[in-house]
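We did not get these values from a lab; they are worked out from the coordinates using the rules stated. Quick caveat: nothing in here was measured; it's all calculated off a predicted structure. Don't worry about glycine lacking a Cβ; one is built from the backbone with ideal geometry, like all the others, and counts go over all protein chains shown.
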Amino acid sequence: MHSLKLIYAFLKMNIQMSLAYRADTVVNILLNLMWLGWELLSLNIIFSNTQTLGGWGIGELIALLGVFRLVNTLMIALIWPNTEKFNQSIRDGSMDYTILQPANSMFLVTFSRITVWRFWDLILAIILIVIGINMSGDLITAPQILTFLLLALSGIIVIYSLWIVLIALTFWFTKFDNNVTILQALLDAGRYPATVYPVWLRVIVTFIIPIAVATTIPLQALRGELGFMQVLIFFLIGIASFVIASQVWKAGLKRYSGASS
Amino acid sequence: MFLIFKRLWQVNWAEQWQYRANLLMYLLYWLVSPIIYLAVWTSIATANGDVNGFTANDFITYYMVLLICDQVTSNIVIHTFGYKIQDGSLSGELIRPIHPMLTNALVNNIAFKILTMFGLTPIWIILFFLFQPDFSSVTLTGILLSIPAMILAFLIGYLQSAAITALAFWTTRVYSIHEFYFALILLFSGQFVPLPLMPQVIQDIAQYLPFQLMLYYPIQLILGNLTTPQIIQGYVMTGVWLVISWLIFNWVWRKGVKKYSAVGA
């Protein structure tokens with residue numbers, strides 16, 4: 001409950017901040033729509049030249065675009081702004097004040113900045129998923145929707161945990177302020193089903209920087225392609241990665257000694 | 001003049017060298033989407049035999065050459081110069097007797113480019129062994145012809161980006177404008193897919209725009225897919241767009257500097 005209250009406070013603060021830049025928000029939404037147009041056009045170009053891509057039709061690819069946009073929203077609305085603030089606070093020592101506050105420091109560091117207008121992206125993403133699934137004509141059962149939600153959540157947790165590990169590395173290597181670029185770089189791989197990639201690229205986006213765990217795999221669950229054991233394993237990976245990330249964060253925090261000492 | 005450029009080179013090279021880790025990250029960031037497009041299109045071509053006459057090897061060679069052309073013809077002036085207009089640090093450069101955009105920023109961009117080339121070379125060789133392209137259609141004449149074409153295309157892109165950057169004299173939203181410009185490049189340059197696979201109307205418009213000169217045209221030159229009239233036409237278009245871009249940039253820059261009043265003035 002405590003953290004919910006905090007999130008509410010952060011949201012209020014961030015809404016106030018973004019209201020100061022209303023025109024920018026409008027421009028950003030227009031640009032966002034332009035990119036959506038481009039993404040749909042590129043799918044259209046692909047499917048005017050082929051019936052399926054890695055066994056998936058255009059409906060499934062639109063749904064995948066929706067799931068991809070969920071992860072992308074996480075990246076832009078949460079990961080980038082907070083990382084920027086975090087890197088700054090390591091350099092100038094203002095991290096001291098974050099640690100002194102009576103709340104979980106990992107929580108504070110990762111949720112204090114939220115790009116609020118990006119929430120409309122979430123709605124757009126859900127619309128894309130629904131339209132895509134409808135177009136594909138796949139028959140979706142209730143358990144499939146449940147496993148989709150479960151694995152989408154655990155995929156997001158995997159990405160979140162990886163982010164924690166990447167920024168926690170800054171405690172050891174202060175100059176490592178490029179910490180999330182690698183995540184952003186490979187994110188684009190989530191637009192298409194991982195099954196079309198050559199093996200080495202598939203290994204990278206599934207195991208090393210697991211973008212596909214948050215994009216391709218939940219959608220496979222929605223289509224009923226995953227067995228019970230697979231669903232269980234991916235869910236456990238989500239939990240395990242969160243536990244590992246919290247431990248790395250704690251260990252890193254012990255290394256922190258302020259900017260002047 | 002030569003001495004000035006030599007000194008500018010030393011300063012900017014040292015500056016870029018300092019950020020080599022950042023540079024490597026930039027390179028990685030920029031490499032991923034062409035490789036993904038390559039993977040997507042080769043998988044389609046392999047599944048269907050070919051895509052409108054494009055075989056899997058055609059796609060592999062196209063994107064492998066694209067990696068080089070894009071590196072040569074793209075620029076980062078919006079990121080290295082835009083903030084100077086906004087925070088007023090341009091003032092110091094304006095009182096120097098040389099054009100800030102056409103000397104310092106340009107040399108800085110070239111230093112950046114050459115350093116990323118060093119990073120790209122080993123990665124390109126690894127990709128070569130991973131994808132094993134068949135480059136038998138490439139001729140020496142094609143490569144030699146493509147070099148001036150790419151340098152001129154870089155200048156076109158640089159002048160256009162510089163003109164957009166100079167809009168910062170009037171508005172703080174230059175980054176949004178540049179994002180829109182970037183989308184035009186994506187649409188009309190052949191970055192996503194070889195232009196003949198784009199919808200007909202986009203192909204028709206792309207013919208007259210400068211963006212295909214940055215990627216599609218030099219790639220086709222290198223791959224030896226163009227006839228002599230097509231090569232000449234490309235060079236003529238390059239010349240025309242270079243003049244237009246130069247005129248636009250000069251006009252925007254002059255107006256902008258007059259409008260400029262630094263922070264604190």
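Summary table
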{"quantity": "Cross-link partners of B:Lys84 among lysines (Cα-Cα below 20 Å; sequence separation of 8 or more within a chain)", "calculated": "B:Lys255, B:Lys258, B:Lys259"}
{"quantity": "Centre separation in Å (Cα based) which lies between segment B:137-177 and segment A:200-226", "calculated": "37 Å"}
{"quantity": "Value of relative contact order over segment B:22-71, rounded to a whole percent, pairs C-alpha under 8 Å and six or more apart", "calculated": "33 percent"}
{"quantity": "In Å, descending, principal axis extents of the Cα set of the protein assembly as shown", "calculated": "66, 63, 40"}
{"quantity": "Partner chain coverage, peptide A:190-198 - average Cβ within 10 angstrom", "calculated": "4"}
{"quantity": "CD proxy at 222 nm, helix term only [per DSSP H run n ≥ 4: -39500 (n - 2.57); per residue of chain A; nearest 500]", "calculated": "-23500 deg cm²/dmol"}
{"quantity": "Of A:Pro143, A:Pro198, A:Pro218, the one that fluctuates the most in a GNM where chain A has Cα springs shorter than 10 Å", "calculated": "A:Pro198"}
{"quantity": "Within 10 Å of each Cβ in B:34-46, the average number of Cβ atoms from other chains", "calculated": "5"}
{"quantity": "Fraction of alpha-carbon pairs over 28 Å apart in segment B:2-259 - percent", "calculated": "37 percent"}
{"quantity": "Mean Cα-pair separation over length for chain A, i.e. relative contact order, pairs under 8 Å, 6 or more apart, %", "calculated": "27 percent"}
{"quantity": "Inter-chain Cβ neighbour average for residues B:15-21, partner chain, 10 Å", "calculated": "1"}
{"quantity": "Span from the segment A:50-127 Cα centroid across to the segment A:1-36 one, whole angstrom", "calculated": "12 Å"}
{"quantity": "Burial ranking of peptide ranges B:58-70, B:139-151 (average Cβ count within 10 Å, highest at the top)", "calculated": "B:58-70, B:139-151"}
{"quantity": "Computed Kirkwood radius, in angstrom, where 1/r is averaged over Cα pairs of chain A", "calculated": "19.7 Å"}
